[in-house]
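The values are calculated or read from the model by the stated rules, or taken from the named source; none is laboratory data. Note that the structure is a prediction, hence the values are computed from the model and not measured. Note that each Cβ is placed from the backbone with ideal geometry, even for glycine, and that neighbours are counted across all protein chains shown.
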Amino acid sequence: MEFEQLWQNALSEIEVQISKPNFATWLKSSRLLDKQDGVVLVGLPNTFAKEWVENKYQKIILNALRNLDQSTKKVQFTVHHGNGAAATLAPSRRSRKVNEDDFKKQLAFEELKIDPETNLNPRYRLSSFVVGKTNELAYAAASAVIEEIGRKYNPLFIYGGTGLGKTHLIQGIGNEIKVRYNDKVRVKYVSSEKFTNDVVYGIRNKRMEDMKDKYRTVDVLIIDDVQFIGGKTSTEEEFFHTFNALYENNKQIIISSDRPPKFIPTLEDRLRSRFEGGMIADIAYPDYELRLAILKTKLQERGVALPENIVEFIANKIQKNLRELEGVLNRILFYQYAKRDITLKMVEEIVGETLQQPTKNINPNQVIKSVADYFEVSPNDLTGRCRQKSIVEPRQITMYLLRDILGLSYPDIGQKLGKRDHTTAIYAYSKLSEEMNKNQDLNQKIIAIKDLIYKE
Ligand code: ADP
Ligand code: MG
């Protein structure tokens with residue numbers, strides 16, 4: 001296809017202009033989606049990549065495209081979750097494909113249980129949602145919505161990092177409403193990806209009326225991961241109209257996102273202010289008590305008994321993504337099924353693998369280099385004495401990662417990064433650990449840098 005060829009040519013030009021890890025992280029799954037009247041539309045796999053590329057590589061990309069076709073005037077970016085294989089460079093293609101196939105099989109299996117009418121998965125129940133300090137506001141708001149559908153908190157906007165229970169909570173609301181109101185209330189759950197696909201399909205096949213019927217005739221509309229809607233004009237437009245139609249009829253809208261509305265930069269202002277007009281509640285990282293309680297609930301659901309020291313070990317280690325808890329539990333279940341004794345040592349291994357921290361092969365210099373690559377600064381800036389403002393955050397992140405990934409001592413960290421005092425390292429580590437709980441941008445950066453570190 002013509003687009004594909006053009007983009008491959010552009011990429012090979014771009015590739016020599018930016019660092020290898022940056023290219024791999026940001027551009028490898030990009031695609032050229034469209035080209036009209038000199039405007040080129042480039043798709044990136046998620047909002048964060050989109051913003052990043054938009055801010056940092058727009059010029060380089062535009063120049064590369066212009067060199068190939070002088071009529072190019074402008075380049076635009078959008079989030080595109082399609083199979084990126086078409087524009088993916090050859091080496092990474094195969095492994096992506098395999099994972100995707102596995103993933104699809106898994107999805108197909110999960111979908112068996114999903115109610116086709118509501119799209120709700122019955123496994124997410126409110127009664128199995130464990131409440132603690134970090135999610136109690138979200139839970140209270142959810143309960144209020146169930147009591148007074150469409151009248152109390154509309155829309156209800158829940159945000160928080162990956163794997164912290166957003167989908168569980170919002171689907172739980174849907175399932176609870178079905179039970180409570182004996183199916184008299186029509187509920188629909190939809191991922192923003194599905195919503196987008198429906199809009200695109202509707203436009204392409206001139207079936208927008210079907211699309212409208214589907215979404216505007218419900219009493220409760222639940223939209224998951226709304227951050228992916230921002231930026232696609234036609235989808236956003238349609239979402240706005242759907243939103244208004246429901247809102248004006250006192251229908252309930254429930255939304256989840258990985259960040260609050262004001263941090264979804266691509267969201268149109270009128271939609272943002274609508275979101276902000278309702279109830280916004282966050283779900284933060286669970287503390288140890290909550291993790292322990294969730295783990296115990298899950299064990300009970302599965303009818304598994306584990307020694308207390310093992311349960312505590314797991315709750316201690318799995319801190320940032322509760323989905324990993326499920327992963328660990330499933331592995332343990334499998335071993336139990338295979339009639340093997342569950343020992344602490346075995347669980348340590350399982351947890352270690354789940355957290356994917358192959359610390360053995362990583363040295364401090366790799367950490368420093370990856371941070372430097374990510375921020376496009378020189379490693380010497382990080383290890384030197386320079387006090388330039390633009391270096392402060394990268395250096396603090398380096399300190400944080402040296403501690404988090406390698407467990408280096410604070411004096412060692414201080415020494416490595418410009419012979420600083422150990423208190424500087426302690427300060428950086430505790431500041432970032434604290435901020436990780438609240439600052440999604442920071443979270444995303446750290447995840448992306450860890451990807452770079454483990455990929456090297
Ligand atoms: P998100 O949508 O925020 O990425 P999920 O809702 O998919 O996260 O949650 C990830 C996993 O953690 C799911 O298996 C979910 O059941 C579980 N989980 C998260 N929070 C809780 C909670 N408070 N109580 C019980 N299970 C939870
Ligand atoms: Mg989710």
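Pairs linking a residue in the stretch 121-143 that is in contact (Cβ under 8 Å) with a residue 60 or more places away in the chain to a residue that is within 16 Å of ligand 2 (Cβ to nearest atom) and small (Gly, Ala, Ser), with Cβ atoms under 6 Å and 6 or more positions apart or on different chains, are Thr134/Ala284; Leu137/Ala281; Ala138/Ala281; Ala141/Ala281.
If only one of Ile229, Ile264, Ile283, Ile254 is among the hydrophobic types (A, V, I, L, M, F, W, C), crowded, with 21+ Cβ neighbours inside 10 Å, more than 23 Å from Asn439 (Cβ to Cβ) and within 16 Å of ligand 2 (Cβ to nearest atom), which one is it?
On the way: Ile229 fails: more than 23 Å from Asn439 (Cβ to Cβ); Ile264 fails: more than 23 Å from Asn439 (Cβ to Cβ); Ile283 fails: more than 23 Å from Asn439 (Cβ to Cβ).
It is Ile254.
Residues of the stretch 127-148 that are closer than 16 Å to Lys296 by Cα and surrounded by 13 or more Cβ atoms within 10 Å (Cβ to Cβ): Ser128, Phe129, Val130, Val131, Gly132.
Pairing residues of the stretch 176-202 that are more than 17 Å from Asp219 (Cβ to Cβ) with residues that are part of a loop (DSSP other than H, G, I, E, B) and at pLDDT 90 or above, at Cβ distances under 9 Å and at least 6 apart in sequence or on separate chains, gives Ser191/Asn119; Ser191/Asp225; Ser192/Asp225; Glu193/Asp225; Lys194/Asn119. The residues in the stretch 50-65 that are surrounded by fewer than 22 Cβ atoms within 10 Å (Cβ to Cβ) and under 26 Å from Val367 (Cα atoms) can be counted, and the count is 6. Being touching a strand residue (DSSP E or B) at 6+ places or on another chain (Cβ under 8 Å) and within 22 Å of Phe375 (Cβ to Cβ): is that true of Asn46 here? When the stated conditions are applied, Asn46 passes them.
Taken over the stretch 2-49, the criterion of being charged (D, E, K, R), exposed (fewer than 15 other Cβ atoms within 10 Å of the Cβ) and more than 23 Å from Asn443 (Cα to Cα) is satisfied by Glu2, Glu4, Asp34, Asp37. Out of the stretch 149-166, which residues are within 11 Å of ligand 2 (Cβ to nearest atom) and surrounded by fewer than 20 Cβ atoms within 10 Å (Cβ to Cβ)? Result: Thr162, Gly163.
With the requirement that a residue be away from ligand 1 (no atom under 16 Å from the Cβ) and not in a loop (DSSP other than H, G, I, E, B), what does the stretch 155-194 give you? Spell out the reasoning first.
Filtering the stretch 155-194 down to residues away from ligand 1 (no atom under 16 Å from the Cβ) leaves 155, 177-188.
The answer is Ile177, Lys178, Val179, Arg180, Val187, Lys188.
Within the stretch 124-138, the set of residues being more than 8 Å from ligand 1 (Cβ to nearest atom) and not small (Gly, Ala, Ser) comprises Arg125, Leu126, Lys133, Thr134, Glu136, Leu137.
Tallying residues that are over 14 Å from Val190 (Cβ atoms) and surrounded by 18 or more Cβ atoms within 10 Å (Cβ to Cβ) within the stretch 232-246 yields 2. Within the option set Gly414, Gly327, being in the same structural domain as Glu308 (by TED's automatic domain parsing), assigned to a helix (DSSP H, G or I) and among the small types (Gly, Ala, Ser) holds for one residue only, Gly327.
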